[in-house]
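What follows draws every value from the coordinates through simple rules; no lab data is involved. Being a predicted model, the structure only gives us computed values, none of them experimental. Heads up, the Cβs are rebuilt from the backbone with ideal geometry, glycines too, and the neighbour counts pull from every protein chain shown.
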Amino acid sequence: MFRKLQIALLAPLVFAWMVLLYRTNSSPNQNHQPNPVAIETAAQPAHFTDADFAVHVQQLKKNLPSDDFTIVIQPPFVVIGDEPTGTVKEHSEQTVKWAVDKLRQDFFFQDPKEILDIWLFKSAASYERNTLLTFGEKPATPYGYYSSAHKALVMNISTGGGTLVHEIVHPFIEANFPACPPWLNEGLGSLYEQCGEVDGHIHGFTNWRLPGLQAAIKAHTVPSFERLTGLDTNSFYNDDRGTNYAQARYLCYYLQQRGLLTKFYREFHTHQSKDQTGYQSLRKTLGRVDMNLFKRKWEKYVLGLTQGYEVSVAP
Ligand SMILES: [Zn+2]
């Protein structure tokens, strides 16, 4: 009994020490990686209250495109869908809540600054019609997108939950790493568009972006990592030779398979003011390798991958 009480009394002290450790380690010379769970607990800002969500839902109800919609509060999001109520709840629990919990566990400790809506439209027809009705715009992609301006993730959920997890990454990056370059924002997003749980952590699997990248590697058209990481928003999205997303995704995949992805993310996040592209952090995480040699090794690795099969990387 005494021992239990002692532990109970000591727990807040240990927690306070961990917070202190995290703060101390936030200096640029950090070597020790803080426990992400401790960061989440320590730095978590005040959540939106039930009353905040209730007001938000009342507003939403006034603007629903029809009576077919179910609204589920799934902090930090509100999920709105026109599939049967049970299905909307299932997506909220099994995809949204799961992805949020797992992404917080490994990467993010700040929630988006505002309550964001996740619209799950049941078909291509519903997605197109209701996006136009609700936001006055036509979707540019058949799958779904995140609109920072509308504070909404807009999905054609009939195409599967992968895009939903991809898009959930973006508002978390916006809240936690506003200066994140597009290659990492899209690299992480697209890594998790095909994902599951391995050893209790979110884990990306090989997917449809692989064959195109393999073809580009064979055609020697994949740019250097220095170039990829240095691309600004305009160049990344508009001058895409077709491989930017895939190259970024399979760089993240490679890091994940070597157990280096979260380490890299934290290294880059910590040193972002000195390393705006992440290239130096990438080199450091890989062990200061010759990046031309690394690219050849990575290309060989990617050529050996098969969709649907896991290949781990020897250090
Ligand atoms: Zn994206």
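Annotations
- Taking 0.36 nm per residue of sequence separation and removing the Cα-Cα distance, the Ala219/Met291 pair yields an extension gain of 24.0 nm.
- Shown for Arg288, Arg283: other C-beta atoms within 10 Å of each C-beta, ranked fewest to most, produce the order Arg288, Arg283.
- For the stretch 81-171, radius of gyration divided by Kirkwood radius, i.e. Rg to Rh on alpha-carbons: 0.95
- In this structure the amide hydrogen of Gln194, modeled in the peptide plane, comes within under 5 Å of the amide hydrogens of Phe205, none closer than 5 places in sequence on its chain.
- Here the spin labels are modelled as points 7 Å beyond Cα on the Cα-Cβ line, and at Lys300 and Val198 they lie 2.1 nm apart.
- With the simple model of a label 7 Å out from the Cα in the direction of the Cβ, Ala140 to Asp106 spans 2.8 nm.
- By the count of other C-beta atoms within 10 Å, a proxy for reagent exposure, Lys138, Lys151, Lys61 are ordered fewest to most as Lys138, Lys61, Lys151.
- Theoretical FRET efficiency, 1/(1+(r/R0)^6), r = Cβ-Cβ of Ile73 and Trp208, R0 30 Å, to 0.05: 0.35
- Cα-based shape type of the stretch 195-303, given that a ≥ b ≥ c are square roots of the gyration tensor eigenvalues and the cut on a/c is 1.5: rounded
- Extension gain, Thr159 to Asn238, is 26.0 nm, computed as 0.36 nm per intervening residue step minus the present C-alpha separation.
- Stretched out straight at 0.36 nm per residue, the stretch from Lys62 to Ser273 would grow longer than its current Cα-Cα span by 71.6 nm.
- Each of Lys97, Lys62 was scored by other Cβ atoms within 10 Å of its Cβ. Arranged with the fewest first, they read Lys62, Lys97.
- Highest mean packing comes first when the peptides 100-110, 219-229 are listed by Cβ atoms within 10 Å, giving 100-110, 219-229.
- Highest to lowest packing among 291-299, 249-257, scored as the average C-beta count within 10 Å: 249-257, 291-299
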